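S.K.: A single structure is presented below for examination.
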């Protein structure tokens, strides 16, 4: 291994950091953010540009009304922990847990190690992990096209099916075709890489970005910032848990690790079907009425 390899690896992380910094300087303010800070004229113009139409008065009035209501709440964390705050808080934290227990970060963190355990040589495992990373980045752009065209729940369910099949297929191949030497035939090794890419692709256009988008939609404005802090902290916590336990789990479970993650994906699908409300196109002031009060499980929390 080259003595400066780790320095190069760390240094290259500055590239996406610079991209994020540049983007943060040129990103436009959202209409909601502008109205919250009392800049209603700028907010209305931003909404008009965002929608691409002139008739935005009704939606803008809904935003203004929701912001006025939010200003009346002095203690958002206390309100968040009240009865009506339980459903969005539960869903937000659960989505963050599910994000990690798909196994995505374990695969992305330890792709080269994982591939070497399948018999890949060091150089090939690094190359394969690079390909997996590129698939992850490119697949995120798929969501840009479909996010406003397909319902949130449908996206998540389709991704669950794709991830489940990929994980189970990898587990089956490793369980029955891994040789005594701890390696795979070249053809099967290639199939495993393709399946890993298929899994990463499904996550990248669904549970990855949706895990951050849905919390912004299910919280009312008055508790959105407080609720999002729970999303970030729970995500970081379970990222740490998975990153610290994955290698031990891999050594203990071996190929069964993929069945472990596929079982979690199955639970995720059940969660979407029975507990996750649809939020696509939901106005900010009607979330409580349409999404929660009409939901067969969560409506009790919003009864007067």
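Taken together, the values in this text are just the output of simple stated rules run on the coordinates, not laboratory data. Note that the structure is a prediction, hence the values are computed from the model and not measured. Cβ placement follows ideal geometry from the backbone for every residue including glycine, while neighbour counts extend to all protein chains displayed.
S.K.: How many angstrom separate the Cα center of the stretch 48-120 from the Cα center of the stretch 147-161?
M.R.: Taking the Cα centre of each part, the stretch 48-120 and the stretch 147-161 sit 15 Å apart.
S.K.: Under the 0.36 nm per residue contour assumption, what length would be gained going from the current alpha-carbon distance of residue 236 and residue 22 to full extension?
M.R.: 74.6 nm is the gain from fully extending residue 236 to residue 22.
S.K.: For the Cα atoms of the chain, what angle does the longest principal axis make with the long axis of helix 122-146, in degrees from 0 to 90, nearest 10?
M.R.: Compared with the principal axis, the helix lies near 20 degrees.
S.K.: Same structure, new question: Restricting to DSSP H runs of at least four residues, report the calculated mean residue ellipticity at 222 nm for the chain, -39500 (n - 2.57) per run over all residues, nearest 500 deg cm²/dmol.
M.R.: -24000 deg cm²/dmol
S.K.: When ranked by the protection proxy of mean other Cβ atoms within 10 Å per residue, highest first, what sequence do the peptides 249-261, 52-64, 99-111 form? Write down the numbers at each step before the final one.
M.R.: Working: 249-261: 16.8, 52-64: 13.4, 99-111: 20.9.
Final packing ranking: 99-111, 249-261, 52-64.
S.K.: Quick check: pseudo-label points 7 Å beyond the Cα along Cα→Cβ at residue 259 and residue 149, how many nm apart are they?
M.R.: Going from the residue 259 label point to the residue 149 one covers 3.9 nm.
S.K.: At what distance in nm do the modelled label points of residue 33 and residue 137 sit from each other, each positioned 7 Å from its Cα along Cα→Cβ?
M.R.: Roughly 2.4 nm, to one decimal.
S.K.: Can you compute the modelled spin-label distance between residue 71 and residue 251, with each label point 7 Å from Cα toward Cβ, in nm?
M.R.: 5.9 nm
S.K.: Would you work out the relative contact order for the chain, in percent, from Cα pairs under 8 angstrom that are 6 or more residues apart?
M.R.: 27 percent
S.K.: First obtain the Kirkwood hydrodynamic radius of the stretch 159-227 from its Cα pairs, then insert it into the Stokes-Einstein equation at 10 °C and 1.306 mPa s, and state the resulting D in µm² per second as a whole number.
M.R.: D, rounded to a whole number, is 111 µm²/s.
S.K.: For the pair residue 55 and residue 302, what calculated FRET efficiency results from E = 1/(1 + (r/R0)^6), where r is the Cβ-Cβ distance and R0 = 35 Å, to the nearest 0.05?
M.R.: Efficiency for this residue pair is about 0.70.
S.K.: Mind giving me the FRET efficiency for residue 10 and residue 229? R0 is 25 Å, r the Cβ-Cβ distance, nearest 0.05 is fine.
M.R.: Efficiency computed from Cβ-Cβ geometry: 0.30.
S.K.: Over 14 Å, how big is the tail of the calculated P(r) for the stretch 1-74, in percent of all Cα pairs? Write down the numbers at each step before the final one.
M.R.: Numbers: 1887 of 2701 pairs.
Percentage above 14 Å: 70.
S.K.: Rg(Cα) of the stretch 168-301 divided by 2.2 N^0.38 Å?
M.R.: 1.38
S.K.: Can you give the log10 of the normalised intensity I(q)/I(0) at q = 0.09, 0.12 Å⁻¹, computed with Debye over equal Cα scatterers of the stretch 75-302?
M.R.: -0.41, -0.68
S.K.: Here's something else I'd like to know. For helix 86-101, report the angle its Cα long axis makes with the longest principal axis of the Cα atoms of the chain; keep it between 0 and 90° and round to the nearest 10°.
M.R.: Orientation of helix 86-101: about 20 degrees from the principal axis.
S.K.: Here is a follow-up. Going by average Cβ neighbours within 10 Å, how do the peptides 31-41, 150-160 rank, with the highest at the top? Provide the component values of the computation, followed by the final result.
M.R.: Working: 31-41: 16.9, 150-160: 18.5.
Highest-to-lowest ranking by the protection proxy: 150-160, 31-41.
S.K.: What ranking do 42-51, 163-172 get when scored by the average of other Cβ atoms within 10 Å per residue, highest first?
M.R.: 163-172, 42-51
S.K.: Let me ask another. Compute the acute angle (0 to 90°) between the alpha-carbon long axis of helix 221-253 and the principal axis of greatest extent of the alpha-carbon atoms of the chain; round to the nearest 10°.
M.R.: Compared with the principal axis, the helix lies near 10 degrees.
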